[in-house]
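Trainee: Here it is, the structure in full.
The values are calculated or read from the model by the stated rules, or taken from the named source; none is laboratory data. Computed from a predicted model, the values in this text were never measured in an experiment. Neighbour counts are summed over all protein chains in view; Cβ atoms, including those assigned to glycine, are modelled from backbone coordinates with ideal geometry. What goes into the accessible areas is simple: the full protein's heavy atoms, side chains included, and nothing from ligands, DNA or RNA. Shrake-Rupley method; radii C 1.70, N 1.55, O 1.52, S 1.80 Å.
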Amino acid sequence: MDNDILKVLYSKEQLHEFNVKLAAELKRDYAGKYPLMVCILKGAVLFMTDLVRELDEYVELDFMDVSSYGGGTESSGDVKILKDLDTSVKGRDVIIVEDIVDTGATLVALMKLFETRQANSVKVCSLLDKPSRREEEVQVDYVGVTVPNEFVVGYGLDYAEKYRNLPYIGVLKPEIYSK
Ligand code: XMP
Ligand code: MG
């Protein structure tokens, strides 16, 4: 897999630092609150499992799989729920855990959904933020790092379902896309 990578953007060590920083912010804001952390599959799995190990607090974990209607870069207010939560969000302090916020369409739809389901509060924690591609106004409350407008893989993020298991985040060589 390493041979397919043009450049490493964030090393394993840097990713660990982002997780430590984000965990400190969450500990400060959620002390004594028992938040429900919602991991958006599949991209955020590696991030969330590392992040929660830095949190010396009680948290509940749940998982959700969604896909945007319409596809492409078309902005859409709705998401299709492929796997819903097991837990009720009613009255809970929800933290949506994302790998990357790109157009913002997924998050806008999820925020609306959790508000309809009467969550007490909904915040967003994303490892990566790509504001250059934003189409929807959305507040990302906790950001690991802001990324340039490049397609990134690794540490949960995929290209055609590959590279999720890279321990770092990088950019693919252009020839990989043309294969
Ligand atoms: P929106 O546009 O709704 O979408 O904010 C966020 C989702 O788009 C995917 N995405 C990427 N996946 N490398 C990836 O592997 C990228 O650079 C990238 N940019 C967006 C991702 O699934 C994210 O959850
Ligand atoms: Mg995703």
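Trainee: Working only within the stretch 29-46, note down all residues that are touching a helix residue (DSSP H, G or I) at 6+ places or on another chain (Cβ under 7 Å) and more than 12 Å from ligand 2 (Cβ to nearest atom).
Mentor: Hit for the stretch 29-46 is 37, nothing else.
Trainee: Within the stretch 145-169, count every residue that is under 15 Å from residue 18 (Cβ atoms) and more than 15 Å from ligand 2 (Cβ to nearest atom). Let's see the steps before the verdict.
Mentor: To start, the set of residues in the stretch 145-169 that are under 15 Å from residue 18 (Cβ atoms) comprises 145-147, 152, 154-157, 167-169.
Then keep just the ones that are more than 15 Å from ligand 2 (Cβ to nearest atom); that gives 145-146, 167-168.
The total comes to 4.
Trainee: Could I ask something else about it? Kindly indicate the residue of the stretch 122-134 that is touching an Asp or Glu at 6+ places or on another chain (Cβ under 9 Å) and open to solvent by 40 Å² or more (accessible area, probe 1.4 Å) and also nearest to ligand 2 (Cβ to nearest atom) among those meeting that condition.
Mentor: 133
Trainee: What do you reckon, is residue 114 over 24 Å from residue 13 (Cα atoms) and either assigned to a strand (DSSP E or B) or modelled with pLDDT under 95 (or both)? Outline the logic, then answer.
Mentor: Details: over 24 Å from residue 13 (Cα atoms): yes; either assigned to a strand (DSSP E or B) or modelled with pLDDT under 95 (or both): no.
It is false that residue 114 is over 24 Å from residue 13 (Cα atoms) and either assigned to a strand (DSSP E or B) or modelled with pLDDT under 95 (or both).
Trainee: Of these, 157, 113, which one is hydrophobic (A, V, I, L, M, F, W, C), out of contact with any Leu (no Cβ under 6 Å at 6 or more places or on another chain), under 15 Å from residue 40 (Cα atoms) and open to solvent by 20 Å² or more (accessible area, probe 1.4 Å)? Working first, answer last.
Mentor: Details: 157 fails: open to solvent by 20 Å² or more (accessible area, probe 1.4 Å).
Sole residue among the options that is hydrophobic (A, V, I, L, M, F, W, C), out of contact with any Leu (no Cβ under 6 Å at 6 or more places or on another chain), under 15 Å from residue 40 (Cα atoms) and open to solvent by 20 Å² or more (accessible area, probe 1.4 Å): 113.
Trainee: What pairs come up if the first residue lies in the stretch 118-139 and is under 19 Å from residue 155 (Cβ atoms), the second is open to solvent by 60 Å² or more (accessible area, probe 1.4 Å), and their beta carbons are under 6 Å apart, counting only those six or more places apart or on different chains?
Mentor: The qualifying pairs are 129/146.
Trainee: Here's something else I'd like to know. Within the set of pairs 6 or more residues apart or between chains, which connect a residue that is closer than 18 Å to residue 138 by Cβ inside the stretch 84-98 to a residue that is polar (S, T, N, Q) and within 16 Å of ligand 2 (Cβ to nearest atom) with Cβ atoms less than 6 Å apart?
Mentor: Pairs found: 98/126.
Trainee: Further question on the same structure: Just to check your reading of the model, which residue among 149, 165 is part of a loop (DSSP other than H, G, I, E, B), closer than 29 Å to residue 27 by Cα and either in contact with a helix residue (DSSP H, G or I) (Cβ under 7 Å, 6 or more places away or on another chain) or open to solvent by 30 Å² or more (accessible area, probe 1.4 Å) (or both)? Write out each step before concluding.
Mentor: Working: 149 fails: closer than 29 Å to residue 27 by Cα.
After applying the criteria, what remains is 165.
Trainee: Hey, among the residues in the stretch 39-57 that are touching a residue at least 60 places away in the same chain (Cβ under 8 Å) and within 21 Å of residue 114 (Cβ to Cβ), which one's surrounded by the fewest Cβ atoms within 10 Å (Cβ to Cβ)? Spell out how you get there, then give the answer.
Mentor: Our first condition is that a residue be touching a residue at least 60 places away in the same chain (Cβ under 8 Å); within the stretch 39-57, this holds for 40, 42-47, 51.
Subsequent filtering for residues that are within 21 Å of residue 114 (Cβ to Cβ) retains 40, 42-45, 47, 51.
Details: 40: 23, 42: 15, 43: 20, 44: 26, 45: 17, 47: 27, 51: 25.
Checking each candidate, the answer is 42.
Trainee: With the condition being closer than 17 Å to residue 124 by Cα and among the aromatic types (Phe, Trp, Tyr), I'd like the strands (runs of 3 or more DSSP E) fully within the stretch 1-103 carrying at least 1 qualifying residues. If you could, list the steps in order and put the result at the bottom.
Mentor: Details: elements: 5-10, 36-41, 60-68, 79-83, 93-101.
Counting at least 1 such residues, we get 60-68.
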